[in-house]
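*Asks:* Just passing along the structure, written as structure tokens.
The values are calculated or read from the model by the stated rules, or taken from the named source; none is laboratory data. Please read these numbers as outputs of a predicted model, since none were measured by experiment. Using ideal geometry, Cβ is built from the backbone for each residue, glycine included, and neighbour counts are taken over all protein chains shown. What goes into the accessible areas is simple: the full protein's heavy atoms, side chains included, and nothing from ligands, DNA or RNA. Shrake-Rupley method; radii C 1.70, N 1.55, O 1.52, S 1.80 Å.
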Amino acid sequence: MATITLRASTAADTRSIGRALAPLFRAGDAVVLTGELGAGKTTLVQGVAEGLGVDEAVTSPTFVLVKEYVGRLTIAHADVYRLERIQDVVDLGLDEVADGQALLLVEWGDAVEELLPEDRLRVELTGEDPTGEDEARRIVVEAVGPAWFDRVDALVAALSPWETA
């Protein structure tokens with residue numbers, strides 16, 4: 001398991017971090033995105049999608065629950081914020097999206113982490129300014145599980161421009 005702490009000064013930095021992560025993803029990978037409302041979860045997903053060659057606009061799936069995008073990989077972008085029961089998440093069938101070969105990006109994923117693959121990237125976004133006036137974000141990326149062992153060095157290298165001490 002590897003944990004990397006980053007600082008994104010602007011939304012553009014958050015998108016850039018997503019673009020930097022994109023080449024590391026493989027079909028079937030899962031990413032748990034956590035953070036308060038407005039923390040930048042969808043902004044990070046926009047960067048991942050750009051990095052994977054998605055041409056269409058990426059928006060929050062809050063009201064549709066799951067949106068799919070096609071680039072180098074199929075992306076299943078889910079938002080489980082509005083779901084009240086674990087069974088609601090099970091009913092979504094996230095493991096079946098694109099026959100299990102999609103890159104699964106789950107906003108508010110910490111609430112359903114036990115339903116997601118053991119191998120995953122966990123990304124926590126928090127604002128540095130409690131007033132919300134500053135766009136700066138602290139982003140903690142944690143690689144979990146054996147599928148990330150052979151990608152940790154590439155992960156560290158890709159994120160080094162934003163790494164904090």
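*Asks:* Applying the selection to region 4-13, what residues are open to solvent by 10 Å² or more (accessible area, probe 1.4 Å) and in contact (Cβ under 8 Å) with a residue 60 or more places away in the chain?
*Replies:* 5, 7, 9, 10, 11, 13
*Asks:* Something else: Anything in region 1-48 that is under 18 Å from residue 149 (Cα atoms) and among the charged types (D, E, K, R)? List them, or say none.
*Replies:* Listed by number, the residues that qualify are 26, 29.
*Asks:* Could you list all residues from region 134-151 that are more than 13 Å from residue 21 (Cβ to Cβ), under 17 Å from the mean Cα position of the chain (by Cα) and of a type outside the set (D, E, K, R)?
*Replies:* The answer is 140, 144, 145, 147.
*Asks:* Another question about this same structure. For region 14-40, what are the residues that are surrounded by 21 or more Cβ atoms within 10 Å (Cβ to Cβ), out of contact with any Ser or Thr (no Cβ under 7 Å at 6 or more places or on another chain) and over 20 Å from residue 119 (Cβ atoms)?
*Replies:* The answer is 17, and nothing else.
*Asks:* Still on this model: Just wondering, is there one or more residues in region 52-60 that are on the phi > 0 side of the Ramachandran plot and modelled with pLDDT of 95 or more?
*Replies:* Looking for residues that are on the phi > 0 side of the Ramachandran plot and modelled with pLDDT of 95 or more, one finds at least one in region 52-60, hence yes.
*Asks:* Another one. Just one of (1) at pLDDT below 85; (2) open to solvent by 40 Å² or more (accessible area, probe 1.4 Å); (3) under 14 Å from the mean Cα position of the chain (by Cα); (4) β-branched (Val, Ile, Thr) trips up residue 80, so point out which.
*Replies:* Exception for residue 80: condition (2).
*Asks:* Collect the residues in region 125-144 that are modelled with pLDDT of 90 or more and either surrounded by fewer than 20 Cβ atoms within 10 Å (Cβ to Cβ) or part of a loop (DSSP other than H, G, I, E, B) (or both), keeping them in residue-number order.
*Replies:* 126, 136, 138, 140, 142, 144
*Asks:* Follow-up. So, in region 52-74, of the ones that are open to solvent by 10 Å² or more (accessible area, probe 1.4 Å), closer than 23 Å to residue 117 by Cα and not hydrophobic (A, V, I, L, M, F, W, C), which residue ends up nearest to the chain's Cα centre (by Cα)?
*Replies:* 60
*Asks:* Within the bounds of region 101-110, is there any residue that is modelled with pLDDT under 95 and more than 14 Å from the chain's Cα centre (by Cα)?
*Replies:* Within region 101-110, one or more residues are modelled with pLDDT under 95 and more than 14 Å from the chain's Cα centre (by Cα).
*Asks:* So, of the residues in region 41-51 that are in contact with an Asp or Glu (Cβ under 8 Å, 6 or more places away or on another chain) and among the β-branched types (Val, Ile, Thr), which turns out to be surrounded by the most Cβ atoms within 10 Å (Cβ to Cβ)?
*Replies:* 45
*Asks:* Taking residue 1 and the conditions (1) at pLDDT below 95; (2) within 15 Å of residue 122 (Cα to Cα); (3) open to solvent by less than 40 Å² (accessible area, probe 1.4 Å), which numbered condition does it fall short on, given that it satisfies the others?
*Replies:* Of everything listed in (1) at pLDDT below 95; (2) within 15 Å of residue 122 (Cα to Cα); (3) open to solvent by less than 40 Å² (accessible area, probe 1.4 Å), residue 1 misses just condition (3).
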